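The values are calculated or read from the model by the stated rules, or taken from the named source; none is laboratory data. Note that the coordinates shown come from a computational prediction; the quantities given were computed from them, not determined experimentally. Cβ coordinates were reconstructed from backbone atoms using ideal geometry, including for glycine residues, and neighbour counts include every protein chain displayed. In case anyone asks, the SASA skips ligands and DNA or RNA and just uses the protein heavy atoms, side chains included. Shrake-Rupley method; radii C 1.70, N 1.55, O 1.52, S 1.80 Å.
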Amino acid sequence: MATTPRFTAGVRVALPASHSPVPVFHALRAAALETGIQEPGGAEAPLQAKTAPQAKTAPQAAHSHEPGCLTGPDPARFPSSPRGDSTHSWPRHRSGFPGAMLSEVLLVSAPGKVILHGEHAVVHGKVALAVSLNLRTFLRLQPHSNGKVDLSLPNIGIKRAWDVARLQSLDTSFLEQGDVTTPTSEQVEKLKEVAGLPDDCAVTERLAVLAFLYLYLSICRKQRALPSLDIVVWSELPPGAGLGSSAAYSVCLAAALLTVCEEIPNPLKDGDCVNRWTKEDLELINKWAFQGERMIHGNPSGVDNAVSTWGGALRYHQGKISSLKRSPALQILLTNTKVPRNTRALVAGVRNRLLKFPEIVAPLLTSIDAISLECERVLGEMGEAPAPEQYLVLEELIDMNQHHLNALGVGHASLDQLCQVTRARGLHSKLTGAGGGGCGITLLKPGLEQPEVEATKQALTSCGFDCLETSIGAPGVSIHSATSLDSRVQQALDGL
Ligand code: MEV
């Protein structure tokens, strides 16, 4: 795979035509923290991630779509009622055209992320530094006229369908209380009934389906009738590897559902290949995506969905997001140990350890916070021409944080091995994300010769790990025209 392109400061990174949709990769050179950084609404854009998502009561008018790219309104396909009865009539929107909002095919994508410093500590109110990856999740939403809502997740072999009339007839008022807090166990139980999943359903499937139903019912129930939709979500991100695949899933779902329900306008204008939503709309997407994440992870910090929504390189602190400025071009090797793990359980494990040994664990979290702040300071000072001593500081910070994360109980023998293999080559690594396996990052110093990088990758590969090649600083959640998507992405969404 080709070496990662470097981005230049301030440039927004569009999805490259050569973008690889293959979820198994051989190497990663991640470049340029300063590049592709989005400005999430100014230097400091408080997002109040813990606040309730408030669907807008007066949705704005949607933009028109590129005629040649997306399916246009077809009155024959979308009569006032798909069943010809009054119970399930399509809502009439400001266009006056029955079911106009349901005539559009939406193609949405959102990136994964790596956390440089601050995983786990961020759940306890500390700072995290995170950056988006150029590995994305793609969602295609197509209106149906068959009275079903279909969800298909080809990466994990999930295909489910629900009868819209049945969903419509259910009492979903239990969702009303769900806006402000982690979905309650009562809500989860009721959603499980709605989902109709078998008892032996795998956890991944159950959580993905529950998050979908939660977002679908919560966002769409404000419509006069629930829409009949066909939704496919396919990802380049390996699931459960700490790269934010569940956040990218929730962000794509939130963006597509809010758009199809006209809670936010479709920003794709005639002739656009790709576009993004306004800051205000991104905030709404992020808030709903956080609810999806809560359904999947229980008590997430919100950093993963924030990076997936905004893209670029971010500092995240208690729901407040700001972009990392003037950071140097960093090269990072990303390694997937392929050891499966469960973010929810790892986060709960740290909480338990904190409760059990507050005097020991709280200082660890404070120290991780200081590591993030020091890293942010050094990155800010490094600028265009970083000094070797500054890299030494970054390496020391990586080592200290990795030890702290081990002390928090989120290490794994595979991650120790990754650290040892790279350390033997003078390189420094730490886990990224929830730990317990999953992925690690290795800082590649400038001046490191390519043969040395290749030898390191080879050594890691022979441990059974994958080295993932991608770039960092990719744009956040985006909407695409059909013609702009890579044919491999299109095929994946078509189930080919
Ligand atoms: C997971 O990517 C990062 C954690 O800090 C959990 C969270 O922030 O929600 C482990």
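Computed from phi, the 3J(HN,Hα) profile of segment 420-432 under the Karplus parametrisation 6.51, -1.76, 1.60 (θ = phi - 60°) reads 5, 4, 6, 4, 4, 9, x, 10, 10, 9, 8, 5, 9 Hz, with x in place of Gly and Pro.
Here the peptides 377-388, 278-289 are ranked by packing, the mean other Cβ count within 10 Å, and the order with the highest first is 278-289, 377-388. Packing here is the average count of other Cβ atoms within 10 Å per residue, and on that basis the peptides 449-458, 479-488, highest first, run 479-488, 449-458. Remark on V105: its backbone amide H falls under 5 Å from those of T71, a criterion applied only to residues 5 or more positions apart or on other chains, H modelled at 1.01 Å from N. Using all Cα-Cα distances in segment 354-496, what percent lands in each 10 angstrom bin from 0 up to the longest? Calculated P(r), rounded to whole percents: 9, 30, 30, 21, 9, 1. Between amide H atoms placed 1.01 Å from N, distances below 5 Å from L444 occur with Q331, I332, L333, all of them 5 or more places distant or on a separate chain.
Rounded to whole numbers, the Karplus 3J(HN,Hα) couplings from phi for segment 153-165 are 10, x, 4, 10, x, 9, 9, 9, 9, 10, 7, 4, 4 Hz, using 6.51 cos²θ - 1.76 cosθ + 1.60 with θ = phi - 60°, and x at Gly and Pro.
Taking the protein heavy atoms of segment 260-340 in the context of the full set of protein chains, the accessible area attributed to carbon and sulfur is 49 percent at 1.4 Å.
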